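> Here it is, the structure, as structure tokens.
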Amino acid sequence: MMLDTNNGPRPLLKKTPQDLAHVVKVGELRPAPRPAHSPLTSARSRRHVAECWHVIFAPDETRFAWLCGTSRVLIVPWNRFKNCLLSLDNTDDEGNEIKGQVVSIDAGSPVNSAGFGSGTPESQLAHPPQRQYWTRFDFSNKELVFATGHVNGRVRIWDVYTGCKLLELMDHTQAVRDLAFAPDGSLRLVSASLDRTIKVWDLRDDGNMFKTLKGHSNEIFWCCWSPNAQLLASAGIGKSIMVWDMVTYSLARTLTGHHHNVSACEFSPDGAILASSSWDTRVILWDPYTGVELRELCHQYPPPRPIFASGANGSWVRGVAYARNGGQTATISDDGLIRFWNLLEPEVDPSAIAQGDEEMVCCTFSPSGRVFAVGTKESRVSFYLAPRVVFSLKHLARMAVRRQVLATPNIDQLLLPAPLKTYLKYQDWI
């Protein structure tokens, strides 16, 4: 339900929902109603399905993974030309037919997390492995690989095209709540678990688990790679985000500033910013290389004081996602609103909104940034057409520079005017 703007806290500061652009829903996936005698109606089963549900596009935007039951996953073809499920319109912009089929995976045990990965031939990697022994599986030439994380602590690797299980990885002692493949094509897979550890697996080495990252004192719910695969961010029960150096596999820094549990985090496309959402009604944009808070996106006005932000406030932010253009984020909140933020505008309110479904728990942009997907506790998925924004050449140039310069401290070494360095560090947004 949308918050009452006349009595009590407001969802917007200066505007009303009627003043903002409204985003259009373009599609949805709805599971069949569960019978009353279904085992999924038990409290324990509902917890497994609801608390860590994911919406995932394949990196090439040809497929969408739908976790539509405790142990069932459907890999659905996606029309990246017309931004819809393939079954709805299976032609590209030139009218050519696009072929695809739905792949159904019976994972065997309740699924808590999932993720797509893609391999790059070893000869094309920046740091090819020096391996002198035979391996059973060769994932390097596979266009797509799919992984699922389970409540029993296991991780399973699947063939995207046939739904056959390829590998089973075992080392966690509790549920795996998130999975993330390195974006550099190295097929390193990271798993975050309720056992308070993060494990790094090498699918090129038959799924060998070669690193365990320890530092969280509570359960871990979320992890994400930076675009250059040099940093990893993780969060869960607790008010901080941990940033890991994935070259040395050590803790780089801890980001503290939230007043409640961190629900999600995601890097910007150039890797210069880390966005984190929290139940304290805020999204904080961080510099992951220095730990500096760059900006806040508030979802309740007036913002609750820390003592109230750490409890129930009706505006818990459940998820945040970055669009490919680097200047747009979107968030989902318990107040029922989906907010789209134009970060290059001085406005404190979002630029567009949509009325979401009940109990939204996860969200993501498609790789092209044209569609925003939202998932709920009951395995429903809604697709929204993201607002189209044309950003300045200045902003695009900043993203290109940050992709090359990478770490913020390196900017100070450039022979550039001070105002331009400030702009490159995202301390000046416009």
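> Could you give the size of the charge dipole of the range 255-410 about its Cα centre, using +1 on the Cβ of each K and R and -1 on the Cβ of each D and E, expressed in debye and rounded to the nearest 20?
Taking the Cα centre of the range 255-410 as origin, the dipole is about 560 debye.
> At what distance in angstrom do the alpha carbon centres of the range 157-182 and the range 308-358 lie from each other?
30 Å
> At 0.36 nm per residue, and after removing the present C-alpha to C-alpha distance, how many nm does the segment from residue 32 to residue 161 gain when stretched out fully?
44.0 nm
> By how many nm would the segment from residue 206 to residue 247 lengthen if fully extended, with 0.36 nm per residue of separation less the alpha-carbon distance? Walk me through the intermediate numbers first.
Details: separation 41, 0.36 × 41 = 14.76 nm, distance 2.07 nm.
Here the answer is 12.7 nm.
> Here's a follow-up. Ordering 78, 279 by accessible area with a probe of 1.4 Å, largest first, what comes out?
Values: 78 10, 279 50 Å².
Heavy-atom accessible area, descending, gives 279, 78.
> Roughly how many nanometres apart are two label points built 7 Å out from the Cα toward the Cβ at residue 429 and residue 293?
Inter-label distance under the simple model: 1.4 nm.
> Checking the a/c ratio against 1.5 first, then a/b against b/c, what shape does the Cα gyration tensor give for the range 264-411?
Verdict is oblate for the range 264-411.
> Turning to a different aspect of this structure: Determine ³J(HN,Hα), in whole Hz, for all residues of the range 201-209 in sequence, where each value follows from phi through the Karplus function 6.51 cos²θ - 1.76 cosθ + 1.60 and θ = phi - 60°; x replaces Gly and Pro.
Each residue of the range 201-209 in turn: 10, 10, 5, 6, 10, 6, x, 4, 8 Hz.
> Could you put 421, 15, 239 in order of accessible surface area, largest first, with the 1.4 Å probe and the full protein assembly present? Walk me through the intermediate numbers first.
Working: 421 40, 15 70, 239 105 Å².
Reading off the accessible areas and sorting them downward yields 239, 15, 421.
> Here's a follow-up. Which value, in debye to the nearest 20, describes the size of the charge dipole of the range 341-380 about its Cα centre when Lys and Arg Cβ atoms bear +1, Asp and Glu Cβ atoms bear -1, and nothing else is charged?
240 debye
> Quick one: length gained pulling residue 256 to residue 388 fully straight, 0.36 nm per residue minus the C-alpha distance?
Net length gain for the segment: 44.2 nm.
> What ranking of 60, 349 comes out by heavy-atom accessible area, probe 1.4 Å, highest first?
Details: 60 50, 349 10 Å².
Result of the area sort, largest leading: 60, 349.
> Could I have the simple spin-label model distance between residue 407 and residue 173, label points 7 Å from Cα toward Cβ, reported in nm to one decimal?
For the pair residue 407/residue 173, the computed spacing is 3.5 nm.
> Another question, then. With a 1.4 Å probe and every protein chain kept in, tell me what percent of the accessible surface of the range 147-218 is carbon plus sulfur.
Details: 1090 of 2460 Å².
That fraction is 44 percent.
The values are calculated or read from the model by the stated rules, or taken from the named source; none is laboratory data. Keep in mind that what you see is a predicted model, and the values were worked out from it rather than measured. Cβ: placed from backbone, ideal geometry, glycine included. Neighbour counts: every protein chain shown. Side chains included, ligands, DNA and RNA excluded: accessible areas come from the protein's heavy atoms. Shrake-Rupley method; radii C 1.70, N 1.55, O 1.52, S 1.80 Å.
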